[in-house]
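A short write-up of the structure that comes next.
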Protein chains: 2
Amino acid sequence: LTRTKKSPEIITRKTLLTSRMFNVETRDVAFSNGNVTNYEVVSPIYNGAVLVVPILDRSSILLIREYGAGVNRYELGFPKGKVDQGEDILEAANRELQEEVGMASSKLRHVKTVTLAPGMFSHESYIIFAEKLTPSRLEGDEPEEIETIKINLTNVVDMQLTEEITEARSLLALYLVRDYLCCG
Amino acid sequence: LTRTKKSPEIITRKTLLTSRMFNVETRDVAFSNGNVTNYEVVSPIYNGAVLVVPILDRSSILLIREYGAGVNRYELGFPKGKVDQGEDILEAANRELQEEVGMASSKLRHVKTVTLAPGMFSHESYIIFAEKLTPSRLEGDEPEEIETIKINLTNVVDMQLTEEITEARSLLALYLVRDYLCCG
């Protein structure tokens, strides 16, 4: 798995849009063979996002059903949210957990940093396992109450076949937690 | 897993940017409890993307190392690309396979449709398994030759710990193909 090529170099960049959430820019990138290609890249304005896996015990976890504005429908998935200024990612995870499912964790662990579509987006998400949960509610900025659903991990494979979980990050996190609880 | 709430309704939408690749808009969404929240949504200009898992045999698959403009580095992952106008998703998968790894497949199967971050993006990706591979090269629009790497699936879990695969879609696809080859 050795790298064989010199890194491409960004030779021009121009901002197309800066909005509340996104920066969109166009870049010309020069490759080591001399080719120059134009790309459009979306970057977040904020410091990355956490995705939190609330682990109840050796066989069960929590999912939430939340409106996804991008797809304009309800989706099952894990609690998630932006890392606020001055927060570290574990603090952000514990805050989101309290806001979205009304639980605090005393055992948080960063498992993996994932990207969404590295060809277009620079977004990074931190997958975090949260164990030793106790009831604790923080007021969030959610527009409505979020439905929480307890899932038995023996049903995980079936869950993926449902239409209600489509998010690659959440599906990956289901596999990661299944491996962790079964073999860790 | 029954739905308990009336679907939110998009009450206003305004385009912030239309570029070659993206449409960015701001939307006000009304929830059934009367709350109205503003969202920014990025949508693709094109018809979704395919992510192709080239399966060589019961124990090995191919990955590629490709420059990701969004993250400005090389990444390991699966061949992927946009679905062209007039193509169905299996045709798009077979074309990308020939362009990026120089193989054609006579057994293609759509396994799962995934989203990337349903709160912000409307993008959909089609994960497709490609079996019965034979050499066949199509000229693509890649700026440089793409490196292909054969991976033994017994190493899959280790691979995820490397820094070189970060994309949630590709990591999920690794799990899906591992499950398929081990148990299918």
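The values are calculated or read from the model by the stated rules, or taken from the named source; none is laboratory data. No experiment lies behind these values; they were computed from the predicted model shown. When we count neighbours, we look across all protein chains shown, and the Cβ atoms used for this are built from the backbone with ideal geometry, even at glycine. Only protein heavy atoms, including side chains, enter the accessible area calculation; ligands, DNA and RNA are left aside. Shrake-Rupley method; radii C 1.70, N 1.55, O 1.52, S 1.80 Å.
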I need the full set of residues from region A:25-77 which are in contact with a helix residue (DSSP H, G or I) (Cβ under 9 Å, 6 or more places away or on another chain) and among the small types (Gly, Ala, Ser), in order please. A:Gly48, A:Ala49, A:Ser59, A:Ser60, A:Gly77
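Filter region A:11-35 down to the residues that are open to solvent by 40 Å² or more (accessible area, probe 1.4 Å), aliphatic (A, V, I, L, M) and at the interface with chain B (Cβ under 8 Å from one of its Cβ atoms) and list them by number.
A:Leu16
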Only residues in region B:69-80 that are free of Cβ contacts under 8 Å to residues at least 24 places away in the same chain and within 7 Å of chain A (Cβ to nearest Cβ) count as the first member; pair them with residues that are in a loop (DSSP other than H, G, I, E, B) and of a type in the set (A, V, I, L, M), Cβ under 9 angstrom, at least 6 apart or cross-chain, and list the lot. B:Ala69/A:Met120; B:Gly70/A:Leu116; B:Gly70/A:Ala117; B:Gly70/A:Met120
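Filter region A:1-10 down to the residues that are in a loop (DSSP other than H, G, I, E, B) and either among the aromatic types (Phe, Trp, Tyr) or within 8 Å of chain B (Cβ to nearest Cβ) (or both) and list them by number. It would help to see each step written out before you state the result.
Applying the first criterion (in a loop (DSSP other than H, G, I, E, B)) to region A:1-10 yields A:1-8.
A:Leu1, A:Arg3, A:Thr4, A:Lys5, A:Ser7, A:Pro8 - these are the residues of region A:1-10 that are in a loop (DSSP other than H, G, I, E, B) and either among the aromatic types (Phe, Trp, Tyr) or within 8 Å of chain B (Cβ to nearest Cβ) (or both).
Of all residues in region B:36-52, which are more than 10 Å from chain A (Cβ to nearest Cβ) and in contact (Cβ under 8 Å) with a residue 60 or more places away in the chain? Before you say what the answer is, go through the steps one by one.
Taking region B:36-52 first, the residues more than 10 Å from chain A (Cβ to nearest Cβ) are B:46-48, B:50, B:52.
Listed by number, the residues that qualify are B:Gly48, B:Val50, B:Val52.
Of all the residues that make up region A:156-169, how many are outside any loop (DSSP other than H, G, I, E, B) and over 16 Å from the mean Cα position of the chain (by Cα)? Reasoning before the result, please.
Quick first cut of region A:156-169, residues outside any loop (DSSP other than H, G, I, E, B) only: A:156-161, A:167-169.
Next cut, over 16 Å from the mean Cα position of the chain (by Cα) only: A:156-161.
So the answer is 6.
State whether one or more residues within region B:152-161 are touching a residue at least 12 places away in the same chain (Cβ under 8 Å) and within 22 Å of A:Ala49 (Cβ to Cβ). Show your work before the answer.
Step one: list which residues in region B:152-161 are touching a residue at least 12 places away in the same chain (Cβ under 8 Å), which gives B:152-154, B:156, B:159-160.
Add one more test, that the residue is within 22 Å of A:Ala49 (Cβ to Cβ), and what stays is B:160.
Yes: one or more hits.
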Selection count, region A:53-66, where residues are open to solvent by 20 Å² or more (accessible area, probe 1.4 Å) and touching a residue at least 12 places away in the same chain (Cβ under 8 Å): 4
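Just checking, does region A:38-45 include any residue being of a type in the set (Val, Ile, Thr) and part of a loop (DSSP other than H, G, I, E, B)?
Scanning region A:38-45, I find at least one residue that is of a type in the set (Val, Ile, Thr) and part of a loop (DSSP other than H, G, I, E, B), so the answer is yes.
A:Lys82: touching a helix residue (DSSP H, G or I) at 6+ places or on another chain (Cβ under 8 Å) and closer than 25 Å to B:Phe78 by Cβ, yes or no? Steps first, answer last, please.
Values: touching a helix residue (DSSP H, G or I) at 6+ places or on another chain (Cβ under 8 Å): yes; closer than 25 Å to B:Phe78 by Cβ: no.
Here the answer is no, as A:Lys82 does not meet what is asked.
Any idea how many residues of region A:36-46 are over 18 Å from B:Val42 (Cβ atoms) and exposed (fewer than 15 other Cβ atoms within 10 Å of the Cβ)?
Here is the first cut: in region A:36-46, the ones over 18 Å from B:Val42 (Cβ atoms) are A:36-38.
Applying the additional criterion that residues be exposed (fewer than 15 other Cβ atoms within 10 Å of the Cβ) yields A:36, A:38.
Within region A:36-46, residues that are over 18 Å from B:Val42 (Cβ atoms) and exposed (fewer than 15 other Cβ atoms within 10 Å of the Cβ) number 2.
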Checked region B:53-68 for anything away from chain A (no Cβ under 13 Å) and either in a loop (DSSP other than H, G, I, E, B) or of a type outside the set (Asp, Glu) (or both); matches are B:Val53, B:Pro54, B:Ile55, B:Leu56, B:Arg58, B:Ser59, B:Ser60, B:Ile61, B:Leu62
Which numbered condition B:His110 fails, given (1) closer than 24 Å to B:Ser59 by Cβ; (2) modelled with pLDDT under 95: (2)
Those residues of region A:26-59 which are of a type in the set (Val, Ile, Thr) and closer than 19 Å to A:Met103 by Cα, in sequence order: A:Val50, A:Val52, A:Val53, A:Ile55
